[in-house]
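Q: Sharing a structure, written as structure tokens. Questions coming.
Read the figures in this text as sums done on the coordinates, not as results from a lab. For clarity, every value in this text was computed on a predicted model and none was experimentally measured. Cβ atoms come from the backbone with ideal geometry, glycine included; neighbour counts cover every protein chain shown.
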Amino acid sequence: MFTSVDDVSARLAETGYLASPAVATTVFLADRLGKPLLVEGPAGVGKTELAKAVAEVAGARLVRLQCYEGVDESRALYEWNHAKQLLRISAGRDETWDEARTDIFSEEFLLTRPLLTAIRGDDPKVLLIDETDKADVEVEGLLLEVLSDFQVTVPELGTITATRRPFVVLTSNASRELSEALRRRCLFLHIGFPDEELERRIVRLKVPGLDDALARSVVRIVGALRAMDLRKVPSVAETVDWAHTLLALGAGSLDETVVRATLGVLLKHQDDVLKASAKLDLDAL
Amino acid sequence: MTTPAGVAERLTSLVGALRAHGMRIGTGESVDAARAVGELGLADRELLREGLAATLLHGPGQRQVFDPVFDLYFPRGVGGPEQRAAGREDLRDRLADALTADDQQMLGRLAIEAVGGFGGYGSSPESDGWSSYQTLERLRPQTLLARVRDNVRGQGGSTGFADRLLEDEIRRRIDTFRAMVAAEARRRVAERRGRDEIARRAVAPTADRVDFLFAGQDRLAELRRTVQPLARKLATRLAARRRRASRGSIDLRRTLRGSLSTGGVPMKPVLRRRRPMRPELVLLCDVSGSVSGFSDFTMLLVQALHDQFSKVRVFAFVNRIDEVSGLLERGRADPEGLSSRIQGEAAVTGYHGSSDYGMALGEFAERYAEAVGSRTTVFVLGDARTNGSDPNLPAVRQIAERARRVHWLNPEQRSRWGTGDSVAPAYAELVEMHECRNARQLSALVARLLPV
């Protein structure tokens with residue numbers, strides 16, 4: 001898919017995803033070694049975006065499995081279409097049971113769910129397993145077979161093996177410790193907050209109307225907030241939101257009034273707002 | 001796709017060093033790492049670093065051990081720079097310029113030069129070495145702050161609102177430089193002493209494996225940041241235990257009673273019905289200097305878990321005891337100020353400042369006896385060092401009789417219990433005492449001992 005690490009960053013940048021060297025290297029390796037990519041990091045740093053960008057670059061279809069508490073085999077892997085099977089049985093009244101049985105357990109009645117969809121077919125695919133940590137431990141066991149051998153066993157049909165391996169991205173917010181076995185099968189990538197220069201480029205890209213000096217100040221203040229010990233530090237998504245807000249307000253430069261009025265975009269807890277105001281001397285006037 | 005000769009050995013010894021730091025890295029990962037080296041080549045060191053990190057590591061906390069170890073096994077260069085370092089003032093001038101421009105590469109070069117010029121000590125081959133401490137003492141980069149600030153302002157590089165952040169930013173740049181100096185000194189020492197030994201000894205372990213008693217300020221701050229994620233993990237684990245506990249467990253009496261209608265054959269096992277109740281928790285924390293880091297962390301952790309219990313009451317003591325539940329709750333936004341608030345607002349010391357378990361526990365049994373009931377689990381946190389005073393065992397016995405369970409978490413290693421003024425063995429006879437030296441042990445204990 002990619003020829004070099006630089007190729008990865010260049011092509012991801014074309015789709016509007018600015019990758020740090022760590023991200024580009026790991027994506028390159030995941031492609032070359034054919035291993036799933038486990039992405040961890042705080043909310044709002046672009047974990048899901050990465051999978052979308054890779055899919056766009058590769059011209060691949062994005063197959064997404066959104067995990068939640070209680071997601072199970074029939075939601076993740078496959079399910080038999082019972083209603084259609086019943087219709088089929090009642091439609092063919094005079095055939096024998098053997099005929100009916102071989103027919104109703106055929107591909108026509110199989111409802112493929114994301115994991116099976118990603119494995120079948122020859123077109124390139126990117127499989128995104130989002131918020132893996134929200135799923136129950138049992139689902140991890142299911143993922144192990146799929147991710148190590150890229151095959152799924154359907155008892156009535158036999159084992160289906162991938163003819164073309166999908167590029168797999170798993171994301172996690174680390175609200176639960178994923179099992180060691182699952183981690184072993186993946187390349188691990190931690191996306192943290194970007195450095196100042198990269199974040200400035202992201203802001204400039206996402207909010208083109210913002211002038212350079214203001215973008216610089218925005219990123220510096222967000223950087224300072226992250227260095228404080230807050231309950232929820234602002235993420236890249238919040239930085240971009242803030243930049244949008246400032247643009248909408250038509251603020252040409254930052255001053256106490258503007259920052260105080262818009263701090264709520266960056267910080268989501270009242271305690272944090274109070275603390276940040278104190279540290280930034282917002283009440284100095 | 002072959003790896004160049006010598007790289008395989010280097011890779012395996014890197015893996016060995018990481019394993020010595022408690023990381024679980026299997027052969028499969030080593031093979032993947034070698035394949036990654038084959039794909040990425042050795043030309044770009046930073047790419048190699050990211051590639052190895054992606055294949056060898058499994059969690060974010062491991063990165064800060066990995067980076068220094070990587071620097072030792074795949075060093076930037078060998079030996080020192082050719083030219084002798086220039087004078088101290090000259091170096092400081094150039095350092096100020098680099099800090100003004102925030103030029104990372106220049107800072108790196110200056111760090112190498114600084115260690116070469118000012119870090120060497122000793123003259124005989126056995127006792128000489130390189131010291132980052134000595135380098136930084138001579139160079140004193142922190143004193144450049146005002147100068148760099150004026151430089152930046154002079155250039156007009158920073159104006160308006162963001163200007164007030166300037167000092168903090170420069171402080172952070174100086175800290176980066178200090179870290180660079182430390183890495184360079186470590187690299188040079190490793191050349192002398194052998195890489196494996198330095199990788200084991202001179203690289204700090206991950207925060208959750210640092211002993212509470214020896215953790216510095218920054219390590220404790222790092223630990224405090226892990227409280228919320230850890231609490232979330234523990235809460236899911238407790239919920240799982242609660243689920244499991246609510247089924248299973250056959251009620252023999254009712255099963256037999258039910259079997260009478262089927263001629264004594266127990267057709268339907270009757271399960272014990274659980275009365276839903278939320279357990280209560282009482283924490284008694286020694287907050288005297290020596291163990292306050294441990295107590296702080298545990299208090300914050302329990303506070304973060306408070307919605308798992310019907311009631312959490314926290315008491316702090318040095319030689320007198322006082323309730324601090326309110327202080328904890330109100331100060332959730334400001335965890336680093338917790339210990340100073342407790343020292344300032346709660347009456348935890350009497351006539352002197354050293355800890356006295358006997359007196360404090362006695363006072364608790366007297367004044368707050370109603371806090372402990374049949375549903376209460378009591379945790380005592382402390383090293384059980386009474387400074388030679390009476391341990392007051394009857395008070396502990398009284399608490400243990402009233403409470404459902406009493407656990408004592410001791411941050412000292414087990415082999416030191418009972419040495420000096422420690423009365424740990426005496427207390428351990430009355431209540432269960434557990435060794436709890438670091439955050440990893442604590443989270444294991446909390447997951448196991450907390451009542452469900």
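Q: Where a ≥ b ≥ c are the square roots of the eigenvalues of the C-alpha gyration tensor, would you call the protein assembly as shown rounded, which needs a/c under 1.5, or, failing that, prolate if a/b is larger than b/c, or oblate?
A: Oblate.
Q: Could you tell me the center-to-center distance, by alpha carbons, between the range B:106-120 and the range A:6-72 in angstrom?
A: Between the Cα centre of the range B:106-120 and that of the range A:6-72, the gap is 39 Å.
Q: Roughly what would the spin-label model give for A:A278 and A:A248, points 7 Å off Cα along C-beta, in nm?
A: Going by the 7 Å Cα→Cβ label model, 3.1 nm.
Q: When only DSSP loop residues count, what trypsin sites (Lys or Arg not before Pro) in the range B:214-260 have their Cβ near at most 12 other Cβ atoms within 10 Å?
A: The qualifying sites are B:R247.
Q: Here's another thing I want to ask about it. To make sure I understand, if each residue's beta carbon is the centre and we count other beta carbons within 10 Å, what order do A:I160, A:I202, B:I321, B:I250 fall in, fewest to most?
A: Final ranking by Cβ density, sparse to dense: B:I250, A:I160, A:I202, B:I321.
Q: To the nearest 0.05, what FRET efficiency results for B:R375 and B:A240 with a Förster distance of 25 Å applied to their C-beta separation?
A: 0.70
Q: What's the magnitude of the charge dipole for the range A:136-214 around its Cα centre, counting Lys and Arg as +1 and Asp and Glu as -1 at the beta-carbon? Answer in Debye, nearest 20.
A: Computed charge dipole of the range A:136-214: roughly 300 debye.
Q: Could you please rank B:T206, A:T257, B:T255, placing first whichever residue has the fewest other Cβ atoms within 10 Å of its Cβ?
A: Placing the least packed residue first, the sequence is A:T257, B:T255, B:T206.
Q: Also, quick follow-up: Answer rounded, prolate or oblate for the range B:323-452, using the Cα gyration tensor with square roots of eigenvalues a ≥ b ≥ c: rounded when a/c is under 1.5, else prolate when a/b is larger than b/c, else oblate.
A: rounded
Q: Only Cα pairs under 8 Å and at least 6 apart count here; give the relative contact order of chain B as a rounded whole percent.
A: Worked out over chain B, it gives 11 percent.
Q: Could you pull out the pairs from A:K232/A:K275; A:K52/A:K232; A:K35/B:K233; A:K47/A:K206; A:K47/A:K232; A:K232/B:K233 whose alpha carbons sit more than 22 Å apart here?
A: As for pairs spanning more than 22 Å Cα to Cα, those are A:K52/A:K232; A:K35/B:K233.
Q: Can you tell me how the range A:183-285 classifies by the Cα gyration tensor, rounded, prolate or oblate, using a/c under 1.5 as the rounded cut?
A: In terms of gyration-tensor shape, oblate.
Q: Along the charge dipole of the protein assembly as shown, pointing to its positive end and built from +1/-1 on Cβ of Lys, Arg, Asp and Glu, which listed residue (B:Y73, A:T117, A:L50) has its Cα farthest out?
A: A:T117
Q: Oh, and also: Please list, in chain and number order, the residues 5+ apart from B:D421 or on another chain whose amide H is under 5 Å from its amide H, with Hs placed from the backbone.
A: Those lying under 5 Å, H to H, from B:D421: there are none.
Q: So what are the ³J(HN,Hα) numbers for the range B:206-215, from phi and the Karplus equation (6.51, -1.76, 1.60; θ = phi - 60°), rounded to whole Hz, Gly and Pro as x?
A: 5, 4, 6, 10, 7, 4, 4, 5, 10, 6
Q: What is the distance, in nm, between label points placed 7 Å from the Cα along the Cα-to-Cβ direction at B:D307 and at A:S175?
A: 1.1 nm
Q: According to a simple spin-label model (label point 7 Å from Cα along Cα-to-Cβ), what is the distance in nm between B:E89 and B:R140?
A: Output for this residue pair reads 1.4 nm.
Q: Quick one: work out Rg over Rh on the C-alpha atoms of the range B:7-73, Rh as Kirkwood radius.
A: 0.91
Q: How much length would be gained if the chain were fully extended between B:D128 and B:H352, taking 0.36 nm per residue of separation minus their Cα-Cα distance, in nm to one decimal?
A: 76.0 nm
Q: Under unit Cβ charges (Lys, Arg +1; Asp, Glu -1), what dipole magnitude, rounded to 20 debye, does chain A have relative to its Cα centre?
A: 520 debye
Q: Can you sort A:K47, A:K232, A:K275 from fewest to most other Cβ atoms within 10 Å of each residue's own Cβ?
A: Going from least to most buried by this count: A:K232, A:K275, A:K47.
Q: Ignoring everything except DSSP H segments at least 4 long, calculate the 222 nm mean residue ellipticity for the protein assembly as shown; use -39,500 (n - 2.57) per segment, divide by total residues, nearest 500.
A: Computed ellipticity for the protein assembly as shown at 222 nm equals -15500 deg cm²/dmol.
Q: Amide H to amide H, which residues 5 or more places from B:E432 or on other chains are under 5 Å from it, using H placed in the peptide plane?
A: B:V406, B:W408
Q: State, to one decimal in nm², a quarter of the convex hull surface area for the C-alpha atoms of chain A, i.e. the direction-averaged projected area.
A: 18.7 nm²
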